[in-house]
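Peer 1: Before we start, here is the structure in question, set down as structure tokens.
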């Protein structure tokens with residue numbers, strides 16, 4: 001009886017230890033990592049698809065003296081941009097990416113002209129629409145300092161923008177009424193570096209990208225009969241972010257960006273309407289990781305700038321890892 | 001001995017299997033439980049000792065409005081679409097389980113352009129641009145709410161009374177119009193820029209009643225709100241003359257009465273998970289009885305009606321933090337703007353005096 005009792009007690013006690021199991025990370029868990037904890041590239045064989053929606057409008061801008069002011073004329077413009085993203089992990093350090101944008105832009109101009117000398121009045125409403133596939137972007141991302149064994153990781157990127165969007169105005173009625181281009185009409189090469197320091201539940205990032213725009217030809221103004229050579233000014237984007245988990249599945253990203261655009265050229269000479277511009281902006285992002293789904297929303301708030309828009313941009317996105 | 005051994009075995013068995021008993025509902029109303037209480041189990045006011053800070057931002061895109069007949073005016077093709085940026089700060093405290101105190105204010109910024117007009121004469125073209133800017137802090141709303149003095153199970157009812165204290169700098173400042181692109185006295189651009197402030201300028205009382213029903217994961221709410229000014233107000237109207245590219249301004253005072261506002265709203269909520277609540281709200285508002293004085297004569301303000309639908313959600317991010325997001329679409333109305341808006345609010349909750 002004593003032996004049976006002792007064995008029984010040992011069995012009972014042993015049940016207490018069952019709870020002390022180590023959490024096993026399986027491949028499904030790896031696909032559920034958040035933007036803070038995931039590696040800087042996809043793991044080998046992982047496929048991520050995503051849809052990004054971007055909404056912006058034109059109401060205020062930073063003028064030449066960096067002062068925020070309303071656009072003076074009675075115009076109105078909105079931009080709706082949808083971007084389909086596909087990423088594939090070639091190996092644990094190399095990811096390739098394809099981004100396909102669809103653009104829907106609208107610009108309205110309303111004016112009235114009174115001519116008392118001929119006793120007449122003209123009211124004019126012009127709409128410029130730009131709808132269609134934009135410029136595709138292919139991208140290769142490589143981890144120089146891998147995330148696997150380091151708190152500090154670094155990746156290099158090389159983007160290539162292909163001028164697949166319509167580059168010239170179409171269905172031109174007059175200089176204010178036509179189908180706007182949906183692409184820039186030129187190849188762009190963008191090398192970049194992105195570094196991250198992970199200290200759970202925080203992460204800190206720093207990045208720098210440089211857009212080199214190639215020379216191309218297109219119709220620069222609606223109504224022009226001939227294509228002209230142009231080159232957009234090169235663009236630098238640099239910044240950093242402080243990110244942290246609000247809970248296990250919601251991350252808050254706080255990003256600061258500085259952008260600088262050089263002066264563009266038309267037919268080899270600096271163009272008056274392609275300004276040197278810069279902007280400084282803050283983007284808070286909330287990202288929800290629900291298993292393999294990732295939902296996010298972001299607002300890009302321009303803080304300061306010169307000859308750039310001063311209205312916030314809204315970004316919503318959804319991603320899924322296979 | 002056998003009895004002692006048997007007793008020991010039974011006692012240890014009970015100790016070891018005791019954790020299974022933990023999987024029952026706790027009725028203890030600790031701080032954590034109260035802070036994470038889902039919407040369908042929450043009363044209409046805060047718990048005793050609960051402090052809540054709400055900070056919100058509303059982006060409203062004003063691209064349509066309704067005329068006197070309720071017909072839609074497309075402002076995009078009229079040249080006066082605009083964007084409104086509205087910030088909101090609200091501080092609430094649960095004095096008792098059925099009494100809540102509230103202080104709220106706001107800040108808004110909006111610029112409304114009118115159509116650009118060209119005047120063509122024999123010597124050149126003059127262009128007129130017109131901008132009405134609204135910018136500034138709103139009044140301070142102080143209110144107190146009283147709800148039914150027993151635990152919320154299925155039905156709750158709340159009465160609120162408050163007053164807008166005219167703390168805002170409401171008086172219309174001087175315009176800041178400019179001349180640009182000046183070539184000669186016939187060829188130039190006039191940029192009219194009229195500045196306006198936020199706030200009623202007089203005390204305005206606010207009364208409201210709300211009722212809430214909960215059945216399982218579904219909840220329904222309905223409310224009625226009434227706002228009325230306590231007296232007439234006085235403000236400044238500016239006139240301007242242009243001489244040699246310089247604007248000269250002169251002001252005159254006028255009287256006005258803030259509109260009386262009545263609003264009813266109803267919403268259906270679904271508690272999809274303990275941390276996630278979605279809803280559909282509908283509200284109808286009517287502004288009337290107000291007037292504005294022009295040259296000594298009182299002119300009635302146009303009566304405004306507006307019906308809007310607002311789907312939204314609430315996400316409990318942590319025990320202290322909750323995120324609310326509402327999208328608003330205006331369906332019908334009269335004499336008022338019909339903006340599309342996105343309202344995001346972060347709510348921070350705590351019990352500062354509870355261990």
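Peer 1: For segment A:165-174, indicate whether the set of residues that are in a strand (DSSP E or B), in contact with a strand residue (DSSP E or B) (Cβ under 7 Å, 6 or more places away or on another chain) and farther than 27 Å from residue A:75 by Cα is non-empty. Full working, then the answer.
Peer 2: Just the residues of segment A:165-174 that are in a strand (DSSP E or B), to begin with: A:170-174.
Going one step further and asking which of them are in contact with a strand residue (DSSP E or B) (Cβ under 7 Å, 6 or more places away or on another chain), we end up with A:170-172.
Okay, now just the ones that are also farther than 27 Å from residue A:75 by Cα, so none.
Scanning segment A:165-174, I find no residue that is in a strand (DSSP E or B), in contact with a strand residue (DSSP E or B) (Cβ under 7 Å, 6 or more places away or on another chain) and farther than 27 Å from residue A:75 by Cα, so the answer is no.
Peer 1: Does segment B:336-354 contain at least one residue that is over 30 Å from residue A:252 (Cα atoms) and surrounded by fewer than 17 Cβ atoms within 10 Å (Cβ to Cβ)? Walk me through it before giving the result.
Peer 2: First, pick out the residues of segment B:336-354 that are over 30 Å from residue A:252 (Cα atoms): B:336-338.
Add one more test, that the residue is surrounded by fewer than 17 Cβ atoms within 10 Å (Cβ to Cβ), and what stays is none.
Among the residues of segment B:336-354, not one is over 30 Å from residue A:252 (Cα atoms) and surrounded by fewer than 17 Cβ atoms within 10 Å (Cβ to Cβ), which makes the answer no.
Peer 1: Out of A:25, A:4, A:36, which single residue is at pLDDT 60 or above, more than 9 Å from chain B (Cβ to nearest Cβ) and out of contact with any strand residue (DSSP E or B) (no Cβ under 8 Å at 6 or more places or on another chain)?
Peer 2: Values: A:25 fails: at pLDDT 60 or above; A:36 fails: out of contact with any strand residue (DSSP E or B) (no Cβ under 8 Å at 6 or more places or on another chain).
After applying the criteria, what remains is A:4.
Peer 1: Just checking, does segment B:313-325 include any residue being closer than 24 Å to residue B:70 by Cβ and either part of a strand (DSSP E or B) or free of Cβ contacts under 8 Å to residues at least 40 places away in the same chain (or both)? Please lay out each step first, then the result.
Peer 2: Of all residues in segment B:313-325, those closer than 24 Å to residue B:70 by Cβ come to none.
No, segment B:313-325 contains no residue that is closer than 24 Å to residue B:70 by Cβ and either part of a strand (DSSP E or B) or free of Cβ contacts under 8 Å to residues at least 40 places away in the same chain (or both).
Peer 1: Filter segment B:176-192 down to residues that are within 14 Å of another protein chain (Cβ to nearest Cβ) and at pLDDT 90 or above, then give me how many there are. Working first, answer last.
Peer 2: First pass over segment B:176-192, keeping only residues within 14 Å of another protein chain (Cβ to nearest Cβ): B:176-181, B:186, B:188-192.
Then drop every residue that is not at pLDDT 90 or above, which leaves B:176-179, B:188-192.
Summing the residues that are within 14 Å of another protein chain (Cβ to nearest Cβ) and at pLDDT 90 or above in segment B:176-192 gives 9.
The rows are residues; the columns are (1) part of a strand (DSSP E or B); (2) buried (at least 19 other Cβ atoms within 10 Å of the Cβ); (3) free of Cβ contacts under 8 Å to residues at least 40 places away in the same chain.
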{"residue": "B:157", "(1), (2), (3)": "yes, no, no"}
{"residue": "B:169", "(1), (2), (3)": "no, no, yes"}
{"residue": "B:176", "(1), (2), (3)": "no, no, yes"}
{"residue": "B:198", "(1), (2), (3)": "no, yes, no"}
{"residue": "B:205", "(1), (2), (3)": "yes, no, no"}
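Peer 1: Okay, moving on. State which residue is nearest to the chain's Cα centre (by Cα) when the search covers only segment B:252-270 and only residues that are surrounded by 13 or more Cβ atoms within 10 Å (Cβ to Cβ) and over 30 Å from residue B:220 (Cβ atoms). Quick ask: steps written out before the conclusion?
Peer 2: Initially, segment B:252-270 is screened for residues surrounded by 13 or more Cβ atoms within 10 Å (Cβ to Cβ), giving B:254-270.
The next check asks that each one be over 30 Å from residue B:220 (Cβ atoms); those that pass are B:254-258.
Details: B:254: 28, B:255: 27, B:256: 24, B:257: 22, B:258: 18 Å.
Selected residue: B:258.
Peer 1: While we're on this one: Wholly within segment A:75-152, which strands (runs of 3 or more DSSP E) include no fewer than the required count, namely at least 1 residues that are at positive phi?
Peer 2: On the way: elements: A:75-91, A:94-115, A:120-133, A:136-145.
Strands (runs of 3 or more DSSP E) meeting the threshold: A:120-133.
Peer 1: Which residue out of B:225, B:214, B:221 is in contact with a helix residue (DSSP H, G or I) (Cβ under 7 Å, 6 or more places away or on another chain) and away from chain A (no Cβ under 14 Å)? Steps first, answer last, please.
Peer 2: Values: B:225 fails: in contact with a helix residue (DSSP H, G or I) (Cβ under 7 Å, 6 or more places away or on another chain); B:221 fails: in contact with a helix residue (DSSP H, G or I) (Cβ under 7 Å, 6 or more places away or on another chain).
Going through B:225, B:214, B:221 in turn, just one is in contact with a helix residue (DSSP H, G or I) (Cβ under 7 Å, 6 or more places away or on another chain) and away from chain A (no Cβ under 14 Å): B:214.
Peer 1: Here is a further query. Residue by residue through segment A:261-274, note down the ones that are under 23 Å from the mean Cα position of the chain (by Cα) and either over 20 Å from residue A:309 (Cα atoms) or crowded, with 17+ Cβ neighbours inside 10 Å (or both). Don't jump to the end; show me each part of the working.
Peer 2: In the first step, residues of segment A:261-274 are kept if they are under 23 Å from the mean Cα position of the chain (by Cα); the result is A:261-264, A:274.
Passing the criteria: A:261, A:262, A:264, A:274.
Peer 1: Would you check if residue B:78 is in contact with a strand residue (DSSP E or B) (Cβ under 7 Å, 6 or more places away or on another chain), within 14 Å of chain A (Cβ to nearest Cβ) and modelled with pLDDT of 90 or more? Step through it out loud before you land on a result.
Peer 2: On the way: in contact with a strand residue (DSSP E or B) (Cβ under 7 Å, 6 or more places away or on another chain): yes; within 14 Å of chain A (Cβ to nearest Cβ): yes; modelled with pLDDT of 90 or more: no.
The answer is no for residue B:78.
Peer 1: Can you report the number of residues in segment A:275-296 which are in a loop (DSSP other than H, G, I, E, B), away from chain B (no Cβ under 14 Å) and within 30 Å of residue A:85 (Cα to Cα)? I'd like the intermediate steps shown before the answer.
Peer 2: The first filter runs over segment A:275-296 and keeps only residues in a loop (DSSP other than H, G, I, E, B), leaving A:275-276, A:291-292.
Checking which are away from chain B (no Cβ under 14 Å) leaves us with A:275-276, A:292.
From what's left, within 30 Å of residue A:85 (Cα to Cα): A:292.
Here the count works out to 1.
Peer 1: All but one of (1) closer than 23 Å to residue A:297 by Cα; (2) more than 14 Å from chain B (Cβ to nearest Cβ) hold for residue A:57; which doesn't?
Peer 2: It fails just one condition, (2).
Matching residues to (1) over 19 Å from the mean Cα position of the chain (by Cα); (2) crowded, with 17+ Cβ neighbours inside 10 Å; (3) more than 14 Å from chain A (Cβ to nearest Cβ):
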position: B:85; (1), (2), (3): no, yes, no
position: B:102; (1), (2), (3): no, yes, yes
position: B:105; (1), (2), (3): no, yes, yes
position: B:121; (1), (2), (3): yes, no, no
position: B:129; (1), (2), (3): yes, yes, no
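Peer 1: Scan segment B:67-114 for residues that are without any contact (Cβ under 8 Å) to a residue 24 or more places away in the chain and farther than 23 Å from residue B:134 by Cα and jot them down.
Peer 2: Of everything in segment B:67-114, just one residue is without any contact (Cβ under 8 Å) to a residue 24 or more places away in the chain and farther than 23 Å from residue B:134 by Cα, namely B:71.
Residues are listed down the side, and each one gets a yes or a no for (1) free of Cβ contacts under 8 Å to residues at least 40 places away in the same chain; (2) surrounded by 15 or more Cβ atoms within 10 Å (Cβ to Cβ):
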site	(1), (2)
A:157	no, yes
A:163	no, yes
A:168	no, yes
A:174	no, no
A:179	no, yes
A:183	no, yes
A:187	yes, yes
A:198	no, yes
A:207	yes, yes
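Peer 1: Return the residues of segment B:302-312 that are farther than 13 Å from residue B:338 by Cα and surrounded by fewer than 17 Cβ atoms within 10 Å (Cβ to Cβ); say none if nothing qualifies.
Peer 2: Selection gives B:302, B:303, B:311.
Peer 1: Another one. Does at least one position in segment A:110-131 carry a residue that is touching a residue at least 12 places away in the same chain (Cβ under 8 Å), more than 14 Å from chain B (Cβ to nearest Cβ), in contact with a strand residue (DSSP E or B) (Cβ under 8 Å, 6 or more places away or on another chain) and surrounded by fewer than 18 Cβ atoms within 10 Å (Cβ to Cβ)? Write out each step before concluding.
Peer 2: First, pick out the residues of segment A:110-131 that are touching a residue at least 12 places away in the same chain (Cβ under 8 Å): A:110-112, A:123-131.
Pick out the ones that are also more than 14 Å from chain B (Cβ to nearest Cβ) and you get A:130-131.
After this cut, where a residue has to be in contact with a strand residue (DSSP E or B) (Cβ under 8 Å, 6 or more places away or on another chain) as well, the list is A:130-131.
Now narrow it down to the ones that are surrounded by fewer than 18 Cβ atoms within 10 Å (Cβ to Cβ): A:131.
Yes - at least one qualifying residue is present in segment A:110-131.
Peer 1: Something else now. Can you tell me how many residues in segment A:67-91 are more than 14 Å from chain B (Cβ to nearest Cβ) and in contact with a strand residue (DSSP E or B) (Cβ under 8 Å, 6 or more places away or on another chain)? Walk me through it before giving the result.
Peer 2: In the first step, residues of segment A:67-91 are kept if they are more than 14 Å from chain B (Cβ to nearest Cβ); the result is A:81-91.
Those left that are additionally in contact with a strand residue (DSSP E or B) (Cβ under 8 Å, 6 or more places away or on another chain): A:81-90.
Number of matching residues: 10.
Peer 1: Name, by its number, the condition in (1) in a strand (DSSP E or B); (2) under 17 Å from the mean Cα position of the chain (by Cα) that does not hold for residue A:178.
Peer 2: Answer for residue A:178: the failing condition is (2).
The values are calculated or read from the model by the stated rules, or taken from the named source; none is laboratory data. What you see is a predicted model; the values in this text were computed from it and never measured. Every residue, glycine as well, gets a Cβ built from its backbone with ideal geometry; the counts of neighbours run over all protein chains shown.
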